[in-house]
1. With 466, 503, 472 as the choices, which residue is at positive phi, within 49 Å of the chain's Cα centre (by Cα) and surrounded by fewer than 14 Cβ atoms within 10 Å (Cβ to Cβ)?
2. Out of all the residues in the stretch 431-444, which are closer than 21 Å to residue 384 by Cβ and either more than 30 Å from the chain's Cα centre (by Cα) or surrounded by fewer than 16 Cβ atoms within 10 Å (Cβ to Cβ) (or both)?
3. Could you tell me which of the residues 207, 227 is outside the structural domain of residue 353 (by TED's automatic domain parsing), farther than 21 Å from residue 320 by Cβ, touching a helix residue (DSSP H, G or I) at 6+ places or on another chain (Cβ under 9 Å) and outside any loop (DSSP other than H, G, I, E, B)?
4. Tell me which residues, restricted to the stretch 183-204, are part of a helix (DSSP H, G or I) and out of contact with any strand residue (DSSP E or B) (no Cβ under 9 Å at 6 or more places or on another chain).
5. Testing residue 327 on (1) in contact (Cβ under 8 Å) with a residue 12 or more places away in the chain; (2) within 25 Å of the chain's Cα centre (by Cα); (3) loosely packed, with under 14 Cβ neighbours inside 10 Å, one condition comes back false. Which one is that?
6. Just one of 264, 278 is within 26 Å of the chain's Cα centre (by Cα) and part of a helix (DSSP H, G or I); which is it?
7. Looking at the stretch 72-97, which of its residues are in a loop (DSSP other than H, G, I, E, B) and either without any contact (Cβ under 8 Å) to a residue 60 or more places away in the chain or surrounded by fewer than 22 Cβ atoms within 10 Å (Cβ to Cβ) (or both)?
8. Filter the stretch 108-151 down to the residues that are surrounded by 14 or more Cβ atoms within 10 Å (Cβ to Cβ), assigned to a helix (DSSP H, G or I) and either at pLDDT 95 or above or touching a helix residue (DSSP H, G or I) at 6+ places or on another chain (Cβ under 7 Å) (or both) and list them by number.
């Protein structure tokens with residue numbers, strides 16, 4: 001069989017120095033083992049991603065991917081049988097319970113990861129004497145992450161898309177974990193460079209006309225396909241031009257947000273911005289097939305609405321990281337971040353990197369800070385409440401795309417339940433940002449109450465193992481539980497009854513996955529086994545039996561357990577879907593919560609550092625008396641800094 005050549009994930013070593021059988025494209029597929037054949041079939045569908053393939057308790061990868069992962073993660077590379085006539089092929093594996101940790105490390109290095117998991121019980125496949133069915137369950141790329149364990153809580157994870165036409169350009173970006181989705185258009189390619197450096201996207205999509213479609217360039221890699229204005233410090237995914245065409249992009253946006261026109265989004269006059277946004281949506285549709293991403297409506301912005309800080313200025317000012325070692329400690333963000341929530345931390349970072357120019361907006365922030373400085377009790381009580389609120393933005397994102405577990409919904413409900421109390425607290429406020437939280441939609445309080453009434457306080461992490469829905473919430477579930485409890489009680493009594501009936505004090509009732517329920521009798525007592533006992537399994541020191549009644553109960557117990565777990569799962573899915581339907585409303589409130597979190601933190605700093613409110617004027621005049629540097633002052637012992 002001839003195998004069509006395809007681009008594969010880049011190996012870290014040249015082809016001529018690869019170990020034997022490292023390149024599956026050079027092998028005869030017909031001679032591969034059945035499992036290896038399936039691995040290559042999946043790999044051919046995702047040639048530019050590192051493929052992690054579930055085998056028992058491990059995720060394994062083979063051929064070039066095994067070499068790449070072993071070198072990048074400093075793991076031991078070994079080999080595995082690839083077929084009688086093929087011999088052994090390179091293999092690297094990681095435990096299934098640690099796959100997210102290893103995948104995160106690969107993503108941070110600029111790789112895409114495809115996870116191919118077992119989608120059926122391995123015992124079923126074993127009984128039918130065939131390979132267990134495996135399918136792609138997740139495609140992970142640096143810009144499309146939603147899991148908390150893979151993200152930094154106080155930093156956005158942006159996916160960007162760029163379209164260039166001469167000196168004009170369009171840029172769209174989104175953080176799919178929070179739902180933010182924005183686009184802009186301008187001219188001057190230097191401005192595009194500076195905007196990308198401000199955003200620091202984890203992944204950038206760029207359309208090309210070349211055979212390298214789908215290829216991912218890791219940070220530092222160069223390509224003739226990329227124009228000079230695109231910094232090579234980012235990860236680039238090279239995409240087809242088709243989804244970035246104006247008509248296709250427009251239709252993609254209209255379909256995504258169920259609109260008839262782009263006028264309501266304010267981008268109908270931004271063709272390049274529309275093309276970039278449509279291409280980004282197409283990429284999400286391609287990589288997030290299992291889970292729809294609930295993005296906020298597309299917003300447009302203009303670069304000139306904000307103070308433009310070029311990358312060199314931001315670097316020298318050490319706004320978010322130091323020049324010396326690139327760490328947060330010692331930066332302006334480090335000195336000013338007193339936020340209580342992850343949402344507030346991300347908002348403060350955005351504010352510092354994109355300062356306002358509009359005096360009204362600046363004064364609105366200053367008014368709120370001043371009110372909180374003057375009202376110590378309000379500020380203190382508000383911060384106490386904020387510390388009890390989880391990351392509403394990302395919890396809502398996971399609920400909306402169908403990846404939230406029961407613990408996520410419990411955390412979301414606990415946070416939503418605090419909003420009415422927060423609303424009452426800020427009702428005493430008069431400044432703009434406090435007023436924005438004085439009215440919280442009652443439906444969110446009702447949603448929180450519903451989640452709390454349905455889900456147990458401490459649900460298990462896995463959704464299909466039961467134990468997540470409270471009793472009294474579903475009649476069918478309660479009826480199944482009564483039957484299951486009765487059967488479990490019958491089993492508990494069976495051992496006592498059979499000991500009394502047989503006179504065998506060592507008789508036991510047990511269970512294992514292979515043989516189900518059984519009655520165990522030691523060999524020395526076999527002569528006392530009743531005639532109605534049916535031999536089921538012979539071991540060295542004991543015999544295992546079953547009775548007709550136990551066999552009947554066994555079928556009912558095992559079926560009831562599966563039915564119970566499935567029903568609980570279905571109830572949870574309905575609950576999660578309901579949360580997803582309110583995602584836009586929750587995110588609107590979460591932005592208001594993040595804003596007052598930032599401003600209360602800045603008010604705290606103003607109080608403890610003795611800062612005064614600046615007077616903002618509509619001119620270029622800057623007058624500073626006894627100026628103080630927040631970073632230097634914080635770095636020195638109290639009293640050592642001298643204002644100047």
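The values are calculated or read from the model by the stated rules, or taken from the named source; none is laboratory data. Computed from a prediction, not measured in an experiment: that's the story for all the values here. Glycine gets a Cβ as well: all are built from the backbone with ideal geometry, and neighbour counts include every protein chain shown.
1. Exactly one of 466, 503, 472 is at positive phi, within 49 Å of the chain's Cα centre (by Cα) and surrounded by fewer than 14 Cβ atoms within 10 Å (Cβ to Cβ), namely 472.
2. Result: 431, 434, 435, 438.
3. Testing whether each residue is outside the structural domain of residue 353 (by TED's automatic domain parsing), farther than 21 Å from residue 320 by Cβ, touching a helix residue (DSSP H, G or I) at 6+ places or on another chain (Cβ under 9 Å) and outside any loop (DSSP other than H, G, I, E, B) leaves just 207.
4. Residues satisfying the conditions are 190, 193, 194, 197, 198.
5. (1)
6. 278
7. 74, 75, 76, 77, 83, 84, 85, 86, 87
8. The answer is 148, 150.
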